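Novice: Please find one structure pasted underneath; my questions will follow.
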Amino acid sequence: MKISRRSFLKTAAAIGASLAWVEPARGSRVHWNERRDLYPQGVASGDPDPHSVILWTRRPFAQGTRQILTVEVAEDEAFRRVIAHAPAPVSSSADWTARVLIGGLKPARTYWYRFTDADGNGSRVGRTITAPLPTDPRTVNFAFVSCQDVNEGKLNAYRRMIYEDERAPAAHQLGFVLHLGDFIYEMVEYPDEVKTRYDRTIYEVARLPEGPKAGNFHIPLTVDGYRAIYKGYLADPDLQDARARWPFVAMWDNHEFSYQGWQSIQKAGKERPGQSIKVAANQAWWEYLPSRCKKVSGPSLETFDPPAVTNVAIEKWDENGLGDEPNNRTAINSLIGYRSYRYGKHLDLIITDQHSYRSADPFSDPSLAKLGGDEFIDMAPETLMQALDGGRAFNGGNPPAEVSFGDAHVPNPQKDKPPQTILGATQKAWFKDQLRKSTATWKIWGNSEGALDARSDPQNLPPGLTKEIWPKDTYASMSPPDYGMAYTERAEIYDLIRDAKITGFAIVSGDRHSFWAGYATSELPPGKFDPVGLSFVGASLSSPGTMEATEHNLSKTDPLRALFLADRPDGAKPDWTHNMLLKHGVRSCLEYAKSFDLERARSLSNPDLAPHLEFVDLGGHGYAKVQLSADEIRTEFVCIPRPIARSERPDGGPLRYRVLHTAALWKSGERPQLKTSVLEGDVGLAI
Ligand SMILES: [Fe+2]
């Protein structure tokens, strides 16, 4: 596994100036005088392997178009044993960001690095850690995070993560942070235009040089717009400290490009052809998040060199729902984000892109509004959703001609369309191949989107509560349009896992702004509950979640209010029965909202509703930690209160709870079995 200097130089030759090989340790040759103000976005490192890592900073200059910094890497924090010393070019065409690949490092080692300009002005010191060798049997530790809206919140979760990691025994310290997207929110509010949203104060992030608005939100259209947002986000001190402490392995979700965008189509309310906007989003992501993602212009780490594209409407779609239009293809392939990452004996991390190749949303055809069901908040018949997802392939290629809700019928809008794909054909083939080839103990799918079904059982509501009657023969799907409703594609992947006898499969995801723990299964009752692995969703670091929105938006007199919020007679904050709805069903919620008797409420649990869920908290914020060993996976949810204001405490403020989900490695054919224990705090109705 040891790569030679020669092969490193050969593979890295095309990278240009931005690489360095280690040399014997010696004292620093650089006069370094720390000037953090000249490096306003701090430092970072990304995508470590056992022998190399990419280091990053940004040093803007008022004059010229290109300057050369020096990067130093040392075995000690004081830089007495410097083992790499190399030029690090920055240029205006990369918004003065630098990336340097350092090779020849030792596996599973901590290193320190810093940048210095020609006048001795230095960046802060960063710390990074290389990956262990694939034969290294030691325990692997990483955190997974997502959704860090600093327009509407603060990153106390990173402060907590740093505080705990500094105090953890070495064997429990994090090796890297997996960022599953919404690193930025491209929709920016200006505090002088809007002061608050839900419980949140709107904080200044950026002023966009251009762009339309969607409601209160400004939207970028150019690379300078996206760059302004990254700079605004990276001004956050807790995010800077986190990036200076750990290497990050990152994947974008939707907001790095566009809220409801897909392929190269920009969408925030209305759709617009956005080939140049997708390229701009990719360029800014590449400039601000150091990674080994492949860009179309070649391996140079100095500049992105965006391909030229024109914004034209896509009129033709191929058999997998991919827009058959050259500018679209160029834009979505301008940066390939999906990749896999071996980390010691126990981890193969397989990361996928859920937005660049996905087919059109099958659930939103305007004709479906005629079916009604509006009284049932956020609920849609699961059988209907499954038919829409399956398109022409549904029911063995015999899709229904019509879809219905009660007495209402409309023609099935997806009857002739391909089944929904989130990965797209090319990425999916790659993903399946990675799963088959994996030899690590644990195969962790870094999927930015939650993959656990969210459903409820309104068929069990007492008569008279609603005017409309919920169809007797179906559960309600309450998933966002994510992997929780990608029924066909999910089944294809889970079937492969079962058929290929793959064990140790688990999904880690984000996007839902809530904590979930459970099982990966293609079917739920009345189908066969047959888990092939585990599935986790980590809460938002800061972005507002469902419970916060519901507290503000749900009418006090809504007949179904008890399914979401239980109002205490003393006027205290309502309890979050929505969590109970997804895990136990409507009967439990109605009982709880009446008696506040948890035991009685749980005794009315519908056992067929959610055998796939062990834990769900739609009001959680924070981060998740994963520990992998030869025989066990341990996933810890660290939940903090709503991060409305920055905590000045060194630990980032109080915890709401800490909950641990463990599972022993199962053998092929066995069912994985999660054990959930609350280590501290109060999880409310999440269990
Ligand atoms: Fe998000």
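The values are calculated or read from the model by the stated rules, or taken from the named source; none is laboratory data. Treat the numbers as computed from the prediction; the structure is a model and nothing was measured. Positions of Cβ are backbone-derived with ideal geometry, glycine not excepted, and every protein chain shown enters the neighbour counts.
Novice: Can you say whether Val537 is over 20 Å from Glu382 (Cβ atoms), within 16 Å of the ligand (Cβ to nearest atom), touching a strand residue (DSSP E or B) at 6+ places or on another chain (Cβ under 9 Å) and modelled with pLDDT of 95 or more, as far as the supplied structure shows?
Specialist: no
Novice: Restricting the first residue to segment 352-374 and requiring it to be touching a residue at least 40 places away in the same chain (Cβ under 8 Å), which pairs with a second residue that is among the polar types (S, T, N, Q) and part of a loop (DSSP other than H, G, I, E, B) meet a Cβ separation below 6 Å and a spacing of at least six or different chains?
Specialist: As it stands, the answer is His355/Asn254; Ser359/Gln420; Ser359/Thr421; Pro362/Gln414; Pro362/Gln420, since those pairs meet every condition given.
Novice: If Ala118 satisfies all but one of (1) crowded, with 19+ Cβ neighbours inside 10 Å; (2) under 26 Å from Arg59 (Cα atoms); (3) of a type in the set (A, V, I, L, M, F, W, C), what's the number of the condition it fails?
Specialist: Against the list (1) crowded, with 19+ Cβ neighbours inside 10 Å; (2) under 26 Å from Arg59 (Cα atoms); (3) of a type in the set (A, V, I, L, M, F, W, C), Ala118 comes up short only on (1).
Novice: Restricting to segment 116-135, and then to whatever is farther than 24 Å from Ala98 by Cα and in contact with a strand residue (DSSP E or B) (Cβ under 8 Å, 6 or more places away or on another chain), can you tell me which residue is nearest to the ligand (Cβ to nearest atom)? First the steps, then the outcome.
Specialist: Start the filter on segment 116-135 by keeping residues that are farther than 24 Å from Ala98 by Cα, which leaves 132-135.
Applying the additional criterion that residues be in contact with a strand residue (DSSP E or B) (Cβ under 8 Å, 6 or more places away or on another chain) yields 132, 134.
Values: Pro132: 31, Pro134: 33 Å.
The selected residue is Pro132.
Novice: Only one residue in Ser297, Ser258 is of a type in the set (Ser, Thr, Tyr) and either surrounded by 17 or more Cβ atoms within 10 Å (Cβ to Cβ) or within 20 Å of Val188 (Cα to Cα) (or both). Which one?
Specialist: None of the other options fit; the residue is Ser258.
Novice: Give, as residue ranges, the strands (runs of 3 or more DSSP E) completely inside segment 13-118 that count at least 1 residues that are aliphatic (A, V, I, L, M), touching a residue at least 12 places away in the same chain (Cβ under 8 Å) and more than 20 Å from Leu174 (Cβ to Cβ).
Specialist: 19-21, 66-74, 82-91, 97-103
Novice: Which residues, taken from segment 542-586, are at positive phi and either within 16 Å of the ligand (Cβ to nearest atom) or modelled with pLDDT under 95 (or both)? Give the steps one after another, and end with the answer.
Specialist: Quick first cut of segment 542-586, residues at positive phi only: 571, 585.
The answer is Gly571, and nothing else.
Novice: Specify the residue that is farthest from the chain's Cα centre (by Cα); the eligible residues are those in segment 136-151 that are away from the ligand (no atom under 16 Å from the Cβ) and of a type in the set (A, V, I, L, M).
Specialist: Step by step, filter segment 136-151, then rank; the result is Val140.
Novice: Next up: Determine which member of the set Asp119, Asp136, Asp149, Asp95 is out of contact with any Cys (no Cβ under 8 Å at 6 or more places or on another chain) and under 28 Å from Arg5 (Cα atoms).
Specialist: Numbers: Asp119 fails: under 28 Å from Arg5 (Cα atoms); Asp149 fails: under 28 Å from Arg5 (Cα atoms); Asp95 fails: under 28 Å from Arg5 (Cα atoms).
From the options Asp119, Asp136, Asp149, Asp95, the qualifying one is Asp136.
Novice: For segment 441-476, which residues satisfy the criterion of being among the charged types (D, E, K, R), more than 23 Å from the chain's Cα centre (by Cα) and closer than 17 Å to Asn606 by Cβ?
Specialist: Asp457, Lys472, Asp473
Novice: Okay, moving on. Are any residues in segment 403-420 surrounded by 20 or more Cβ atoms within 10 Å (Cβ to Cβ) and in a loop (DSSP other than H, G, I, E, B), and if so, which ones?
Specialist: Scanning segment 403-420 gives Asn412, Gln414, Lys417, Pro418, Pro419, Gln420.
Novice: May I pose another question? Being surrounded by fewer than 21 Cβ atoms within 10 Å (Cβ to Cβ), among the aromatic types (Phe, Trp, Tyr) and more than 16 Å from the ligand (Cβ to nearest atom), is that true of even one residue in segment 518-533?
Specialist: yes
Novice: Return yes or no: is Leu590 over 13 Å from Gly684 (Cβ atoms), of a type in the set (A, V, I, L, M, F, W, C), in contact (Cβ under 8 Å) with a residue 12 or more places away in the chain and in a loop (DSSP other than H, G, I, E, B)?
Specialist: no
Novice: I'm trying to understand the selection: among the residues of segment 506-517, which are among the β-branched types (Val, Ile, Thr) and within 16 Å of the ligand (Cβ to nearest atom)? Let's see the steps before the verdict.
Specialist: First pass over segment 506-517, keeping only residues among the β-branched types (Val, Ile, Thr): 507-508.
Of everything in segment 506-517, just one residue is among the β-branched types (Val, Ile, Thr) and within 16 Å of the ligand (Cβ to nearest atom), namely Val508.
Here is a yes/no grid of residues against (1) over 28 Å from Ile54 (Cα atoms); (2) modelled with pLDDT of 95 or more; (3) buried (at least 21 other Cβ atoms within 10 Å of the Cβ):
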| position | (1), (2), (3) |
| --- | --- |
| Ala250 | no, yes, yes |
| Gly269 | yes, no, no |
| Ile277 | no, yes, yes |
| Asp318 | yes, yes, no |
